[in-house]
Amino acid sequence: MQITPMAPRCGVEVSGIQLAEASGDVMEQIKQTIYEHGVAVFRDQELTPEQHIAFGKRWGGVDVNQYFPLQDEYPEIAVVRKNADQETNIGGAWHTDHSYDQIPAMGSMLVARELPPHGGDTHYAHMGAAYDSLTDDLKAEIEGLEAYHTADHVYEEGGLYAQTDMGKELRGQDIKTGAVHPVVIRHPHTGRKLLYVNSGFTINFVGQTREESLPLLTKLLNSAVMEDNQCVVKWQPGTIAIWDNRSSWHNAMNDYQGHYREMHRITFSGEALAA
Ligand code: SIN
């Protein structure tokens, strides 16, 4: 197995293995690599839906997404799809998956099934690098803070997606979510400090209104996605990306209007987060 950095602070490409055949030792190396680097890309993979699910279960469990369409035959697989005549894509803003859950998903595994002829890259940002690059004053200001996360404004009736042509494809408009997490968490496996707020789902700091929270929140969100913290996955047929939702954010580019894109995602169960 060879590991090549994608960018100085975020992401690696892993070559020399087929995920469907990964042994226990290789699996452990893959996990550690993803915990550390935030996202890993595997090229030229051959993975059936059954193997996709089986691989997901090797991380401990699968969290079925409550909003995305599911594959008819394989309800563990969420379909991240944009039709040629749709304008809005899924995941087209910086976020980390499921931070609105009390125990957020550990990570996600995205398999490219049908790609547009150009565009449709996914950008990632490393939240360890994001934390490290904050000034000492900012680090002191957020120490001990907690923040409230929800997905209601995104998926509810009349919410952000409902106002777009993606709204009718999604489920769960009546689901209510909400969770409080530390603004700075320690990675459960590496111990590294990570910034744990995100543009998609973090609403306010505990004890502050949204308006009171916005100046600091905006500063953190802008600083997190500075270019040095980022890497980009350019999809090809057979590409799979696996990312850690604690140590990374992602943002799916919506720059392939008029073309179809279909990706299959499994989201791995996580563990409680702590400062
Ligand atoms: C997502 O999981 O947010 C979508 C990522 C992508 O489609 O590239």
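Tabulated results
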| quantity | calculated |
| --- | --- |
| Those residues of region 135-171 which are part of a loop (DSSP other than H, G, I, E, B), more than 21 Å from Leu220 (Cα to Cα) and not basic (Lys, Arg), in sequence order | Glu156, Glu157, Gly158, Gly159, Leu160, Tyr161, Ala162, Gln163, Thr164, Asp165, Met166, Leu170 |
| Neighbours by Cβ (under 6 Å, 6+ apart or cross-chain): first from region 258-275, over 15 Å from Lys31 (Cβ atoms) and modelled with pLDDT of 95 or more; second among the hydroxyl-bearing types (Ser, Thr, Tyr) and buried (at least 23 other Cβ atoms within 10 Å of the Cβ) | Arg265/Ser108; Thr267/Ser108 |
| Region 6-37: number of residues that are open to solvent by less than 60 Å² (accessible area, probe 1.4 Å) and part of a helix (DSSP H, G or I) | 10 |
| Residue within region 158-170 that is closer than 21 Å to Asn245 by Cα and not aliphatic (A, V, I, L, M) present | no |
| Hey, Ala84 farther than 18 Å from Ala241 by Cβ and either open to solvent by less than 10 Å² (accessible area, probe 1.4 Å) or touching a residue at least 24 places away in the same chain (Cβ under 8 Å) (or both) or not | yes |
| Check on Ala105, crowded, with 20+ Cβ neighbours inside 10 Å and touching a helix residue (DSSP H, G or I) at 6+ places or on another chain (Cβ under 7 Å) | no |
| Selection within region 107-156 - more than 28 Å from Ala241 (Cα to Cα) and basic (Lys, Arg) | Lys139 |
| Selection within region 208-265 - within 23 Å of His118 (Cα to Cα) and of a type in the set (A, V, I, L, M) | Val232, Val233, Ile240, Ala241, Ile242, Ala252, Met253, Met263 |
| Single residue of Thr164, Thr122, Thr96 found to be in contact with a helix residue (DSSP H, G or I) (Cβ under 9 Å, 6 or more places away or on another chain) and either within 16 Å of the ligand (Cβ to nearest atom) or aromatic (Phe, Trp, Tyr) (or both) | Thr96 |
| Strands (runs of 3 or more DSSP E) fully within region 210-275 counting 1 or more residues that are open to solvent by 10 Å² or more (accessible area, probe 1.4 Å), within 12 Å of the ligand (Cβ to nearest atom) and charged (D, E, K, R) | 261-268 |
| Residue match in region 195-204 (condition: in a strand (DSSP E or B), within 13 Å of the ligand (Cβ to nearest atom), open to solvent by less than 20 Å² (accessible area, probe 1.4 Å) and closer than 29 Å to Gly61 by Cα) | no |
| Lone qualifier among Ala78, Ala40 - being closer than 29 Å to Asp25 by Cα, out of contact with any Phe, Trp or Tyr (no Cβ under 7 Å at 6 or more places or on another chain) and either modelled with pLDDT of 95 or more or open to solvent by less than 10 Å² (accessible area, probe 1.4 Å) (or both) | Ala40 |
| Selected residue [at pLDDT below 95 and over 19 Å from Ser199 (Cβ atoms)] from Gly144, Gly167, Gly119 | Gly167 |
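The values are calculated or read from the model by the stated rules, or taken from the named source; none is laboratory data. Only a predicted model underlies this, so the values are computations on that prediction, with no experimental measurement involved. No Cβ is skipped: glycine too gets one built from the backbone with ideal geometry, and neighbour counts run over all protein chains shown. Surface areas here come from the heavy atoms of the whole protein model, side chains and all, with no ligands, DNA or RNA. Shrake-Rupley method; radii C 1.70, N 1.55, O 1.52, S 1.80 Å.
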